[in-house]
Each structure stands twice: as structure tokens, then as C-alpha cells.
Amino acid sequence: MAYPFAALVGQEPLKLALLLCAINPGIGGILIQGDKGTAKSTAARGLAELMPSLQRVAQSRYNASPEELLECCEACQLNPDSFEVVPVPFVTLPLGATEDRVLGHLDLESVLNEKRKKLQPGLLATAHRGILYIDEVNLLSDHLVDVLLDVAAMGVNTVQRDGLSISHPSRFMLIGTMNPEEGNLRPQFLDRFGLMVDVQAPTDVNERTEVIRRRIAYETNPKAFIDTWAAEQTNLTQQIERARQLLPSVAMPEGLLTLISQLCTQLNVSSLRADIVLYKTALTLAAYHNRTTVTADDVKQAAELVLPHRRRKKPFEPNHWNNSELDELMNQLPPPPEETGNNDTRENNPADSTDSDSSEEVFDSAPVASFPSLQVEDFRMNASAGRRSVTENSNRGFVKQTIANAQTKDLAIQASIQQAIIRNPDHFSLQKEDLQANVRSGKTGHLIVFVVDASGSMAASRRMEAVKGSVLSLLTDAYQRRDTVAVIAFRGVEAQLVLEPTQSVERAETALRALPTGGRTPLPQALQLAQDLLNQRKENPLLIILSDGKANVPLPGGGDAWQQSLEIAQSLRQVPTLVLDTDTDYLRLGKASELAAALGADCVSLEALSAETLTRTIVKQLQ
């Protein structure tokens, strides 16, 4: 029994966004971002309990509606006139799922017993007309992200394998939750979420107290607690149904459509999907408030949900969306032109124009996720994006199966049985030549550690700016490449890990904004700190040292700082390293070159160090 949606305390933007997606799945789902323990998962699960039930063909494994009898659905063929009412499907996509679990696979039992090939439906079939929920979506494996990025714009999943070619509808509301401290979503995936809400734990004492009080009551007696909120739950369900029926009648004045485009342009939003989703969300807000005409306030409120995660930011701009900026911008824009006659604007799509009387058909007709067509050949998804080669990795999802041999450690049981059945379905026997092995793969990630001389030279500020820009550039697609970045700065009498290993652009921005400069040069301590960090991590390392090599602060206990630096460098020879010589003095001592020789690394002199040249140099090292 899920915690009642109506019983959630606070989090009004989150609750509103979820209700809007329930009213109009054509919005494209929602990304819920926030710290741990802020009711992200509770709200998502509670929404499913709130939504009106669906009518489907009895026992259909594809959740087929009475109006969409499917050729691949046995229930549709055997009992086309038998229907049942079921709760809205709520399907959780596990982070470690394989493609065949998500897409569907060949049903071996039917091949063996019925001598025919048919599809064993996957999660995309089960989630049809329901909710597909991904917890910690930013940790989703690359191969699953590629699958979701290929889900059909028309909501169709096509599976082709071993002579099996089947298509079935797969339209769902996509809900993802994530903690931004654990890494970012790659931009292509981020843009697929119609709305985004950033949730935070309440700071008001009374509100926090009420959260605890209700949670304790729920855990003590779940049934009694749910009964207490039943009336409010029913009211919300009826409100969703009323808004769904009103939605096709909602109109937007032409001037407000122009306002939408102005907002997206002024706020530096490049994706045209933003304009479309903003339009749909504004219409849905009007329906939610029981109105048939969109107002400027609807557009503004919709923009707060649609634009924050699509806006392109410059380095070191504030991380959080500032509503006052939106207010100021709307006040500066010219007012919408006065309307003359009936020039209402409605997008020509089923989500906004359906005249169905049944509320569940909003799910049936709406293109919930605007994804390109899904075509899976032999279930082998070879993602080519990013700069990393595909390598064998026993912890990743399988890419393909190959014939097993004596060295095989990962036997593909199902694939082996399937091969034997296909070879001779009349007389099953598993032979040596039928044995298959899983070949698992994943993109190799790197830990890129910057060791930056922040001592008091004239070039220090320029070095810092270059490092900041390069770190953010590398992190923009770190999710896709599975790279993490760390920064060690050394100045004064100590070295400091100013940016712990992260994939999060937000964390990097916060840490680097106040990166210090000035003082002496404790190079040996910085190298020792880098060595300790690399020993604690499992990623493939890449060490980037920006320094002129002029060490003058020894390790605690005293000694020769330069000799200590060389000794530690010798112990780091197995670590791929690049030394960037930042010496700008007229008479150069060549210390950075000596340091590079001790490390067994290349040394590059960068007279005019910039974020772009540094990033290009590092990327070349990674290829």
C-alpha cells in the first residue's frame, strides 16, 4: 500500500507537476531532482495510486485497450470482447536490467511446446498506458539510456531477432528521480523529460514536524492512515478526470504563443522541444484550474517547470533557477497583441484534441515521450556516442553472445537453450556447439585528477580560469563517458583536495568558484595527495599537473622539497600523466621538464593557457 499522494506535506511544485503529467501524458514525463529523503520516490509511487483506472483487454500482457487489438497479443486474439478494469501500471526499470528485459525477447516455451516463435513482452510492453519509473536515473547504464533514447515518437517498440519481427505500442509517462551530487544526465536524455522539479527538505520546523507525524502514523497502521486520506484521494482523482475531459477545449491566444517563443529565446533555451512542452503545459494548467483559456500566468508557471533543465548556462552562473529573473523578463517583454476574432491556437496532436469521453484514452492517444523510432537489430545495441572504446567488463549488460569455449566464465544459459531449441525444436538436446557465452561491455571511465599550482605567481589566476573552464567542459558529457574529475590545488604550506571526484557539474561549479591562489609552492605534498587519491579509486587514472616545478615547501618534517617531489614522481610512473609547464620567467629553469621525466610523462609548454587548449590536450590523452 503506497503512501497517499494527498498526505504529502508541502512540495507543492512537485505535486503540481505530477498532477499535470497525469492529466496530459503528452507533456513527456518529469524529472525529480533533489537530496536524499525529500519524498521523490514517495510522490512518484503515490501518483500511480491516484490516477484513474484503465480498461484493457482481459489478461493482455500489453495492456491493450479495447480500441487497439494487437496481433502480437494472445488475449486480443482469443478474447477480443472480454475487458477488465485495472490500476494504472507502475513499472520500475532496474538500473542493472538488460536490453532483452526492457525490450522483450523470444519466448522459448512457445518455440519448444508450440513450435512457433512469439515475443516474451518486456518492461516497455508492461508500462504501456502507465508509468515507467527510474530511480537514480542518472546512474542508469549506458546501454539502457540508449534504449530509452530510441523509444518511438509514436510510442511503438519494434523487436527484430531470429526471424521474429514484432511491433507493439509503448506509450508511458516517464518519471525519473536523481540526486545531482551523484552525477548528471547527458543533455540528450535530460531534454526528453517534459518537466523538471528541484525538491528540497523543508526548513520550517512545523512542516518537518508534520512530515514526521504523518509518516509515523502511516507506518503504525497503514490501512487506517490510508482510510483517513481516502476522501481527499478521491477528490484528486476526480479532478484529474475533469481536467482530462476539459483539456481538448482549452485554447491559447496567439499572443501567448509568441510569448512562449520569446521566453525560450531570451532565456537561452536551444531545444525547440521546450517551446512545444511549454505550450502543452500551459494548456494543461488551464484545464487543471477548470478554465478553457490560457493566461499569461499559466505560461509563467509552466515556464518554471519546463525551462530550468533546458537552459544553457555559462560557467559559474548560479546553479538554481531564479524565479525573479523570469518575473523581470516577463515584465520587460511587450504585452501579447490584442486578439481579434477567433484565432485560438491549438496544437494538432491527439493529446490536446481528442474528443473521447473516457479519461483513460488520453493515455492511449498521447505521444507521451517524443523519442525517435526504436529499431533493435538482434538486441545488440552498439552505442557509438562518446570518446570511449567499448571494452569487456563483467559488470556491464551484455552486448552479444558468442560461441562458448574452454575459457568461458560467463555462460549464457538462456541463449544456449534457445540455440538448441531453434536448431531442433522437435527433439530438444543441448549440444556443445549450442553453448553460448555472454560478452559484456561498457565504456571505460577515467578519473582525471588536476594537480594545480595555485602559488602566488602572475600566471596563477590565468591557470585557475583555464582549469575551471576545462573541468566544466570535461564534465558536460562525463555521464556519457563515465568520467570523474577531481582538482588538487597547492599553495602556501599545504595542498588541498578542492574538488572531490565527481561527475556533477553543479558540484564542480560550487567548488571551483572560490578556488584560491597565492603563496608558496608545496609541490611534494600535492603529489603525495594525488597518489593517495589514486590509490583509493578504481577508475582508469589520468594525472594532469599544471606547475612550473619550482617546489619550495617540503613535506611535514622537513627536507628538500625538490628531491621529495622527484621521489614521489618516481613512484607515480605507472600512472598516465601529462605535465603542463606554466613557467613564464625570462630565464627558465626547466623544472617542469625534469618532473615530467621522473614521471615518465610528456611535458607541454602552454604559453597562452586557455580552457579550450587545455581541454583539447586532455581529450587527446584520453583517446
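Taken together, the values in this text are just the output of simple stated rules run on the coordinates, not laboratory data. Bear in mind the structure is a predicted one, so any value in this text is a computation, not a measurement. Here the Cβ positions follow ideal geometry from the backbone for every residue, glycine too, while neighbour counts run over all protein chains shown.
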>> At R0 = 56 Å, how high is the FRET efficiency between Leu69 and Asn535 if r is their beta carbon distance? Nearest 0.05 is fine.
In response: 0.35
>> Please compute the volume of the convex hull spanned by the alpha-carbon atoms of the range 1-135 and report it per residue in Å³.
In response: 134
>> Between the range 83-104 and the range 32-66, what is the separation of their alpha carbon centroids in Å?
In response: 11
> What is the packing order of peptides 266-275, 529-538, 484-493, taking the mean over residues of other C-beta atoms within 10 Å and listing the highest first?
Replying inline: 484-493, 266-275, 529-538
> All other residues with a Cβ under 15 Å from the Cβ of Gly492 taken together, and with Lys, Arg as +1 and Asp, Glu as -1, what is their net charge?
Replying inline: +1
> Taking the highest mean first, how do the peptides 39-46, 16-23, 540-547 order by number of other beta carbon atoms within 10 angstrom per residue?
Replying inline: 16-23, 540-547, 39-46
> Length gain on complete extension for the stretch Arg423 to Gln262, per 0.36 nm per residue less the alpha carbon to alpha carbon distance?
Replying inline: 51.8 nm
